[in-house]
Amino acid sequence: MTKIVNHWIGGKTVEGASGTYGPVTDPATGAVTTKVAFASVEEVDAAVAAAKDAFATWGQSSLAQRTTILFRFRALLDAHRDEIAELITAEHGKVHSDALGEVARGLEIVDLACGINVQLKGELSTQVASRVDVSSIRQPLGVVAGITPFNFPAMVPMWMFPVAIATGNTFVLKPSEKDPSAAIKIAELLAEAGLPDGVFNVVHGDKVAVDRLLEHPDVKAVSFVGSTPIARYIHTTASAAGKRVQALGGAKNHMLVLPDADLDAAADAAVSAAYGSAGERCMAISAVVAVGAIGDTLVEKIRERAEKIKIGPGNDPASEMGPLITKAHRDKVASYVSGAAAEGAEVVLDGSAYRYEGAGFEDGHWIGISLLDKVPTSAKAYQDEIFGPVLCVLRVDTYEEGVALINASPFGNGTAIFTRDGGAARRFQLEIEAGMVGVNVPIPVPVGYHSFGGWKDSLFGDHHIYGNDGTHFYTRGKVVTTRWPDPADAPAGVDLGFPRNH
């Protein structure tokens with residue numbers, strides 16, 4: 001019997017009423033295992049109404065109440081991390097250890113939210129004028145929405161809702177329709193932790209649901225993570241409707257390897273960052289820029305390591321990389337490899353024809369490891385965000401040429417440099433045009449108390465996600481100027497001039 005994933009509205013499961021469902025496949029077998037209900041406009045409206053009703057009390061609740069619930073949620077999330085990881089593997093395809101890592105990174109933001117009282121402290125200036133004090137406070141926005149991608153169905157929502165809820169907002173999540181079960185499990189754990197009904201809601205769907213959230217007058221802010229074209233659309237549409245928007249887009253992350261680098265460490269890092277999670281992450285390294293004469297040696301070291309990666313079902317402990325999310329995405333990724341030679345690249349490893357051998361897995365969305373060398377910047381494999389296990393290597397003669405190549409990219413999400421030279425690393429930090437930089441760290445995803453976000457076509461909106469930027473995004477500032485008369489003062493009388501400040 002096919003499992004059905006329904007909505008979560010007002011603290012309970014709500015069966016889909018639109019009559020429209022989307023298929024959810026097991027990427028390892030290609031079989032449809034689940035149907036997910038797609039929300040109509042009316043169902044989205046019901047979720048927003050539940051969130052608006054809940055905000056009337058949640059927005060006035062104490063910080064102690066909010067953080068107490070989040071502490072309980074954190075304990076439940078920790079206790080159920082294996083179960084959530086299994087749901088992720090079943091619908092996304094990533095290996096179990098990778099899914100567990102995703103939950104662990106999400107827990108970091110829950111930790112941040114549990115201590116949000118530090119970020120919400122106001123400011124006070126006393127005696128700015130005679131008996132006048134000025135204070136600054138931050139208050140919640142109201143109903144906020146999150147629209148999240150398939151590649152991290154637990155972690156990316158947790159980049160958003162813990163901070164939003166901790167700061168007093170209520171939340172409507174529209175997760176990816178490709179792997180929706182983790183979001184519902186999280187909703188159930190929040191309810192078990194004692195979160196009041198309506199504070200957290202989940203609606204599934206496609207463009208109908210997304211567009212209604214973007215235009216709904218009661219939604220005050222929208223957070224998004226996904227591809228650049230959709231991020232641009234989200235930002236334009238929601239901003240036009242008067243909403244605050246943070247929309248994180250795509251990436252083409254580069255790793256610059258200088259001649260003095262530890263090439264074994266650089267090769268290990270390149271393989272881990274390019275092929276981990278089958279390359280389906282916005283912080284994957286997809287382009288290695290080799291400086292000088294080290295290119296041949298570095299490519300050979302990458303090849304040696306990449307050939308040893310074990311590809312198989314995500315629930316097999318021996319597997320290091322699983323299948324891709326859908327057959328259509330698998331075929332698109334493979335097309336970049338099959339067309340690379342004609343565009344001037346040297347195909348060192350071609351994984352496009354890989355198939356996992358095993359009964360029942362014949363129709364899985366399998367693809368192997370691909371490595372392309374001497375890739376020209378005009379090639380589609382370099383220009384596009386592939387979102388799969390394909391690594392491009394580009395050759396340059398100098399550090400300056402490498403930085404110019406990276407900065408010419410329209411994306412500016414993350415980048416890394418591998419070197420033993422502290423001066424070169426410091427210069428790179430300052431000269432590179434990207435929002436997140438790693439020095440001998442291939443995937444520089446910030447810890448929870450620093451914010452995540454890129455530059456250029458990798459971010460639309462002024463705020464990065466989580467950290468201090470997350471707190472500011474989900475709150476708005478208010479300044480209060482106060483004068484209290486001293487009991488000994490005589491009445492001042494009416495004065496139509498400017499207030500006296502001294």
- Of the listed pairs K174/K252; K3/K220; K174/K310; K121/K178, those with alpha carbons more than 28 Å apart are K3/K220; K174/K310; K121/K178
- Excluding ligands, DNA and RNA, the carbon-plus-sulfur percentage of the accessible area of the stretch 1-76 with a 1.4 Å probe reads 58 percent
- Task: Determine how large the accessible area of H464 is when every protein chain is in place; take a 1.4 Å probe and give Å² rounded to the nearest 10.
- Result: 40 Å²
- Kindly state, to the nearest 0.05, the FRET efficiency for L124 paired with F71, given R0 = 41 Å and r defined as their beta-carbon distance. 0.90
- Percent of accessible area on the stretch 346-458 owned by carbon and sulfur, 1.4 Å probe? 50 percent
- Hey, which of these cross-link pairs are over 29 Å Cα-Cα: K52/K327; K52/K478; K301/K456? K52/K327; K301/K456
- Message: For a Förster distance of 45 Å, can you work out the FRET efficiency between the beta-carbons of K35 and D421, rounded to the nearest 0.05?
- Response: 0.20
- Item | At R0 = 60 Å, FRET efficiency that the Cβ-Cβ distance of R355 and D197 yields, to 0.05 | 0.80
- Taking Cα atoms only, helix 228-240 is inclined relative to the longest principal axis of the chain by an angle, in degrees rounded to 10, of 20 degrees
- Which far-off residues, 5 or more places away or on another chain, put their amide H under 5 Å from the one on I285, with H placed in the peptide plane? A274
- Average Cα contact separation per residue, the stretch 72-126, under 8 Å, 6 or more apart, as relative contact order %: 33 percent
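Restricting attention to the stretch 129-236, which trypsin sites (Lys or Arg not before Pro) occupy a DSSP loop and are surrounded by at most 15 other Cβ atoms within 10 Å?
R131
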- The simple spin-label model distance between R476 and R303, using points 7 Å out along Cα→Cβ, in nm, is 5.9 nm
- Cut-off under 5 Å, modelled amide H: who pairs with T20 long-range: F38
- Query: Label D462 and A342 with points 7 Å out from Cα along Cα→Cβ: what is the distance between them in nm?
  - Reply: 4.7 nm
- Using a 1.4 angstrom probe on heavy atoms only, work out the carbon and sulfur share of the accessible area of the stretch 175-319 in %. 52 percent
- Return the loop-located GluC sites (Glu not before Pro) in the stretch 319-415 (DSSP other than H, G, I, E, B) with at most 12 other Cβ atoms within 10 Å of their own Cβ; answer none if there are none. E357, E362
- Loop-located trypsin sites (Lys or Arg not before Pro) in the stretch 307-351 whose Cβ has at most 11 other Cβ within 10 Å (DSSP): K308, K310
- Compute the relative contact order of the stretch 167-303 as a whole-number percentage, counting only Cα pairs closer than 8 Å that sit 6 or more residues apart in sequence. 17 percent
- Message: Between 0 and 90 degrees, rounded to the nearest ten: what's the tilt of helix 422-431 against the longest Cα principal axis of the chain?
- Response: 60 degrees
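The values are calculated or read from the model by the stated rules, or taken from the named source; none is laboratory data. Note that this is a predicted model, so its numbers are computed, not measured. Using ideal geometry, Cβ is built from the backbone for each residue, glycine included, and neighbour counts are taken over all protein chains shown. The accessibility values were calculated without ligands, DNA or RNA, using every heavy atom of the protein model including side chains. Shrake-Rupley method; radii C 1.70, N 1.55, O 1.52, S 1.80 Å.
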